[in-house]
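Quick notes on the structure that follows.
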Amino acid sequence: MLIQIPKNSLDTYEQIREMTAAFAREQVRPQAERLDREEEFPVEIFKQMAGLGLFGITTEEKFGGAGVDCYGYAIIMEELSRGYSAVADQCGLVELICTLLSRYGSDEQKALYLRRITAFDLRVAYCLTEAEAGSDLAGLKTTAVKTGSGWSLTGSKLWINNAPFADIGLVLARTDPEQGHRGMSVFIVDLHGKGVTRGPKEHKMGQRASQVGPLFFDHVQLPEDALLGEMNRGFYMIMSVLEKGRVGIGALALGIAQAGLDAALDYAKTRKQFGSHIAEFQGVQWMLAQMAMEICAARGLVHKAAIMLDNDTPATGACSMAKCFASDVAVRQTAEAVQIFGGSGYIQGYEVERLYRDAKITQIYEGTNQIQRTIIARQLLR
Ligand SMILES: Cc1cc2nc3c(=O)[nH]c(=O)nc-3n(C[C@H](O)[C@H](O)[C@H](O)COP(=O)(O)OP(=O)(O)OC[C@H]3O[C@@H](n4cnc5c(N)ncnc54)[C@H](O)[C@@H]3O)c2cc1C
């Protein structure tokens, strides 16, 4: 399908955009430099976001979500990220967890967790990656063994967002070691339970307000109802939500790139050299024009993929294109923004210096861009 039509009126999306942009501009962006410098997890901002319905954006309203579609989600992620991408990152993480619970949870699990997660009363972690299993999740070693009363979970996870303080984690573990990715299941794990330990938080290049660390599970006893969805279907459940995750990261990358363009435009109009504003030099104008073109193209891909998901159109390739292209644009164009700032752009405390660092991770998490290109090629060659 060449043309994809959004499900709601354009006015609805514009209202969503304006509300989120105002929040990001007034409450988030002014704090971004300090949050990055102090590596502070912005609890107060997240409480405000919960009040505005910015957690569980596509989750049904009866579970405390906003009931918005994926196109609306993409708009929200871009605008939040334009304020500060580490804040949007938390929104994306909650979105993934709520989507998994909404899609695969029992009525009891939905009732127990969704409202508390969307209210930001429960902090969540999405636990896939291990030391030997990054891009290749089929190599993971964490195992859940059946016991008389439930499961015994043993293993470790690496670089898990929110690990230093999360209350619950959705953990992908082997339940049938002989079956590769056909032998994995997802468990809802109480991270305050016996046998769970946390390592120290990592110090990252960018998005430094989000907190990442390892989790260790030593014969953690899980009740029967800790299993999410069907046994041995965990790998497929995780893959089924990653498409929305990739639209989210594409939109987040777009917000970083747009913030870089915003800053570069302001600077070019005020910085004077050779007696003129640097915006008057054709060399700088062409850099700004290229930034704007690439950002527009990335937005087109992100919005198209989001609307395809909303219309239930097969969107695997489109979601990978959106994530891969938008994150490459974010890295390339924040580098250009640094260049337009000259030496100032290389100095800590200038927004573009942080944006350049923040952009890099978008090419790595939610599936590296090499993996996205592999997915796109596989779709082409089918
Ligand atoms: C800040 C941060 C936050 C994160 N948050 C989470 C989280 O909340 N939960 C979670 O589970 N994980 C999380 N991760 C982990 C992240 O998803 C992984 O780092 C990512 O999937 C890549 O895995 P890896 O680092 O092991 O790289 P590897 O898979 O070892 O890849 C190394 C390099 O080889 C390339 N490569 C690998 N396989 C192929 C292939 N088949 N073809 C071509 N190239 C290939 C990759 O593209 C990459 O360039 C986070 C990581 C970071 C840094």
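Observations
- Here Val189 clears all of (1) more than 27 Å from Pro42 (Cα to Cα); (2) part of a strand (DSSP E or B) except the condition numbered (1).
- Here Ser240, Ser210 are screened, and the one residue that is surrounded by fewer than 20 Cβ atoms within 10 Å (Cβ to Cβ) and closer than 28 Å to Val302 by Cβ is Ser240.
- Checked against the criterion of being among the β-branched types (Val, Ile, Thr) and not assigned by TED's automatic domain parsing to the domain that holds His181, the range 126-138 has no qualifying residue.
- When the test is whether a residue is outside the structural domain of Arg25 (by TED's automatic domain parsing) and either open to solvent by less than 10 Å² (accessible area, probe 1.4 Å) or touching a helix residue (DSSP H, G or I) at 6+ places or on another chain (Cβ under 7 Å) (or both), Gly150 passes it.
- Matching residues in the range 66-112 - criterion: being surrounded by fewer than 24 Cβ atoms within 10 Å (Cβ to Cβ) and touching a Cys at 6+ places or on another chain (Cβ under 9 Å): none
- Listed by position, the strands (runs of 3 or more DSSP E) enclosed by the range 112-177 that each have at least 2 residues that are within 16 Å of the ligand (Cβ to nearest atom), at pLDDT 95 or above and over 24 Å from the mean Cα position of the chain (by Cα) are 150-161.
- Every residue from the range 169-187 that is open to solvent by 10 Å² or more (accessible area, probe 1.4 Å) and in contact (Cβ under 8 Å) with a residue 24 or more places away in the chain: Arg174, Thr175, Asp176, Pro177, Gln179, Gly180, His181, Arg182
- Odd one out for Glu202, checked against (1) in the same structural domain as Ser320 (by TED's automatic domain parsing); (2) among the acidic types (Asp, Glu); (3) part of a loop (DSSP other than H, G, I, E, B): (1)
- Among the residues of the range 342-372, those that are β-branched (Val, Ile, Thr) and either open to solvent by less than 50 Å² (accessible area, probe 1.4 Å) or touching a residue at least 60 places away in the same chain (Cβ under 8 Å) (or both) comprise Val352, Ile361, Thr362, Thr368, Ile371.
The values are calculated or read from the model by the stated rules, or taken from the named source; none is laboratory data. Because the structure is a prediction, the values reported are computed rather than measured. Here the Cβ is made from the backbone with ideal geometry for all residues, glycine too, and neighbour counts use every protein chain on show. Ligands, DNA and RNA are excluded from the accessible area calculation, which covers all protein heavy atoms including side chains. Shrake-Rupley method; radii C 1.70, N 1.55, O 1.52, S 1.80 Å.
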